[in-house]
Amino acid sequence: MASKLLIKFEKSRVTSVRCLHQINLAKGSGGRSSYSGLSATVFGATGHIGRVVTNHLAAQGTQLVVPFRGEEKRVLPMRVMSDLGQMMFRPHSIKDDEAYTRELIQYSNVVLNFIGCNRPFQHYSLEEVNLEWPMRLAQMVKEKGDGTKLIHITNLGCHQQRARNISKVLSLQFEAENQMQRIYPDTIIVRSAPVYGKKDDFVNLLTNEKWKDLAVLGALPCLHGAGYDTIVQPVFISDLAKACAMIANEDASRGQIFEFVG
C-alpha cells in the first residue's frame, strides 16, 4: 500500500488531516506509458463521444476505470488505448446498486458522465437516463467529500426555453444540469453542438441510402420549420474530446459551464 504523507494544520481550533497518496503524484515523461496524476472513471465510454474522450485521456497518461454495459467484447478494442495496467474494465448498469457504483468512483479524482439517450428503451426510460442517473451520480460524488471533479455533457440547445418546449430530452437535460449543480456545486457542464466524426449520427444520417426516397420528395434534410430558423454548427468529435481532456486537467474549471460549437 502506498504510504501516506499527513499534513496537519490548526485552523479555528480544528485539526484537519490531509492525505496525499504517492499514487496521485505524476510519474514519467508524459504519454500513454506514464501517469499524469489523474485517475478517471468514464461512464458511457463505449459511446460515440465517450470512446474518443477516453482515448485522449489515455494518451495523457490517465489511469482509467471504464464501466461498460453488455458483453465484454464491446470494450476489448479499447484496451490498446492505454499501457498495460492503466485501464480497468468493470461491468455496470445505471440500475446497479449504489454501493457498487461508489466502488467504481472511490479512487478516482475525475468522474465523467457521457451516458444519455434521445429515445426511451425497453429497460431504460428517458427520465432514468437523462435526469435520475445524473442526479444520483452527483450525490455520490458529493458524498465522497474529496473534491472529485464531475464532468457532465449535454446538448447545446437545452438552455433555450423555446427548444425545451419542443424537445423532452432537452428539457430533462436542462433540469439535470440545475439539479446536479444544486447537489454538487463543483459540477462541470459541457454543452455540445451536434458532433460529427467517424460513425456519427449526423453526417452518416444525412448520407444514408435510406434517405433517397425522401430526397425525391424534397424532404432532405429534415429540419424543424423547414430550416428557416435553424442554425447548425457541428463540432468535430476529436476537438470536443480534446477539450474535455483539458477540462479534466484544469482545476479552475470547477463549477463552470462550457459550450462548444464548430
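The values are calculated or read from the model by the stated rules, or taken from the named source; none is laboratory data. All values derive from a computational prediction rather than experimental measurement. Ideal geometry is used to build each Cβ from the backbone, glycine not excepted, and the neighbour counts take in all protein chains shown. We work out accessible area using only protein heavy atoms, side chains counted, and drop any ligands, DNA or RNA first. Shrake-Rupley method; radii C 1.70, N 1.55, O 1.52, S 1.80 Å.
Quick one: would you say Tyr107 is open to solvent by less than 70 Å² (accessible area, probe 1.4 Å) and within 19 Å of Pro67 (Cβ to Cβ)? Taking the combined requirement at face value, the residue does not satisfy it. Of the residues screened, Gly61 is one that is open to solvent by less than 50 Å² (accessible area, probe 1.4 Å), over 23 Å from Tyr184 (Cβ atoms) and part of a loop (DSSP other than H, G, I, E, B). Criterion applied to Ser82, Ser33 was being open to solvent by 70 Å² or more (accessible area, probe 1.4 Å), more than 18 Å from the chain's Cα centre (by Cα) and among the hydroxyl-bearing types (Ser, Thr, Tyr), and the one residue passing it is Ser33.
For beta carbons closer than 6 Å, sequence separation of 6+ or different chains, a first residue in region 67-84 that is farther than 15 Å from Val52 by Cα and touching a residue at least 12 places away in the same chain (Cβ under 8 Å) and a second that is open to solvent by 80 Å² or more (accessible area, probe 1.4 Å) and part of a loop (DSSP other than H, G, I, E, B), the qualifying pairs are Asp83/Arg32; Asp83/Ser33. Asp146 fulfils the conditions (1) part of a loop (DSSP other than H, G, I, E, B); (2) crowded, with 16+ Cβ neighbours inside 10 Å except for a single criterion, (2). One residue alone among Gln139, Gln122 is without any contact (Cβ under 8 Å) to a residue 12 or more places away in the chain and either surrounded by 13 or more Cβ atoms within 10 Å (Cβ to Cβ) or in a loop (DSSP other than H, G, I, E, B) (or both), and that residue is Gln122. One residue is enough: does region 168-179 have a residue meeting the conditions among the hydroxyl-bearing types (Ser, Thr, Tyr) and either surrounded by 22 or more Cβ atoms within 10 Å (Cβ to Cβ) or touching an Asp or Glu at 6+ places or on another chain (Cβ under 7 Å) (or both)? Looking for residues that are among the hydroxyl-bearing types (Ser, Thr, Tyr) and either surrounded by 22 or more Cβ atoms within 10 Å (Cβ to Cβ) or touching an Asp or Glu at 6+ places or on another chain (Cβ under 7 Å) (or both), one finds none in region 168-179, hence no. Out of curiosity, is Arg69 open to solvent by 90 Å² or more (accessible area, probe 1.4 Å) and modelled with pLDDT of 85 or more? Answer is yes for this residue.
If the condition is being closer than 19 Å to Asp200 by Cα and either in contact with a His (Cβ under 7 Å, 6 or more places away or on another chain) or of a type in the set (S, T, N, Q) (or both), then region 33-68 contributes Thr46, Thr54, Asn55. Which pairs turn up if I take residues in region 162-187 that are more than 16 Å from Ile115 (Cα to Cα) and free of Cβ contacts under 8 Å to residues at least 40 places away in the same chain and look for partners that are surrounded by 19 or more Cβ atoms within 10 Å (Cβ to Cβ) and among the small types (Gly, Ala, Ser) with beta carbon separation below 9 Å, at least 6 apart in sequence or on another chain? Pairs found: Arg182/Ala138. For region 36-58: of the residues being assigned to a helix (DSSP H, G or I) and either touching an Asp or Glu at 6+ places or on another chain (Cβ under 9 Å) or open to solvent by less than 10 Å² (accessible area, probe 1.4 Å) (or both), which is farthest from Asn109 (Cα to Cα)? Among them, the one singled out is His48.
Inside region 190-229, residues that are at pLDDT below 70, outside any helix (DSSP H, G or I) and under 30 Å from His152 (Cβ atoms) make up a count of 3. Selection over region 85-95 of residues that are open to solvent by less than 50 Å² (accessible area, probe 1.4 Å) and either among the hydroxyl-bearing types (Ser, Thr, Tyr) or in a loop (DSSP other than H, G, I, E, B) (or both) gives a count of 4.
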